[in-house]
Structures are given as C-alpha cells and as structure tokens.
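Following: one structure in structure tokens, then a few remarks.
We did not get these values from a lab; they are worked out from the coordinates using the rules stated. Just so it is clear, the structure is predicted and the values come from calculations on it, not from any experiment.
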Amino acid sequence: MTSEEINTAQPPEIILKYAYEYKLKEDILLSLEYKDLEDIQAESLLKLDQPLQKVYERLDSKETGYMDSVWETIEECASTEKSCSGSAGYEKENR
C-alpha cells in the first residue's frame, strides 16, 4: 500500500490531526534551527525521553495568538482583494 493509499484510507479528521502535529513539530525544529538554547537548557531537553513530543504537547496545550493572526488575515482578505492576491504571505512564512 502506498502512502497516498494509507492517507486516503483515514478519515479526514485523522489526516488533519496528523498534518497539524507534523506542521507544529516542523515549526519547533525550525525555531531550534534559528535560535540557540543555553547549554544547560539543551542538556535538560535532551534528557527527556521524547523531547520533540514533549515540546509539541506543551505547545499544543498553550493559548497563543495564532488564531488571532488567522482571523486578522481572513479579515484583511475579506476587506481588500489586493491584500490577498499573490503568494507573498506564503513565501514569507515558509522561508
């Protein structure tokens, strides 16, 4: 069975759940790529059984301003077509 067949065999809710988890974990790793922890922090993190999973779980349970940003973007696009045309926002976020 191909990965496409496996993915389409799952209900959409499960596919979205894992896509969300993948994206959030990707963002965690990207953050670590661009910022440095102090040595003692890195050592503590590496002592965890599954550091990426632990950080993901903590981040997933936090209230963040992410949904506010999503809503603001929706309103911007609804207000003016010009602010939503092109892919500048996508390119900026995925650098």
Exercise for review: Straight distance only, please: which aspartates and glutamates reach the Cα of Lys47 with their own Cα at less than 18 Å, same-chain residues fewer than 8 apart left out?
Suggested key: Asp36, Glu38, Asp39, Glu57
Study note, to complete from the structure: Under the rule rounded for a/c under 1.5, else prolate if a/b exceeds b/c, else oblate, using alpha carbon gyration tensor axes a ≥ b ≥ c, region 1-83 is classed as oblate
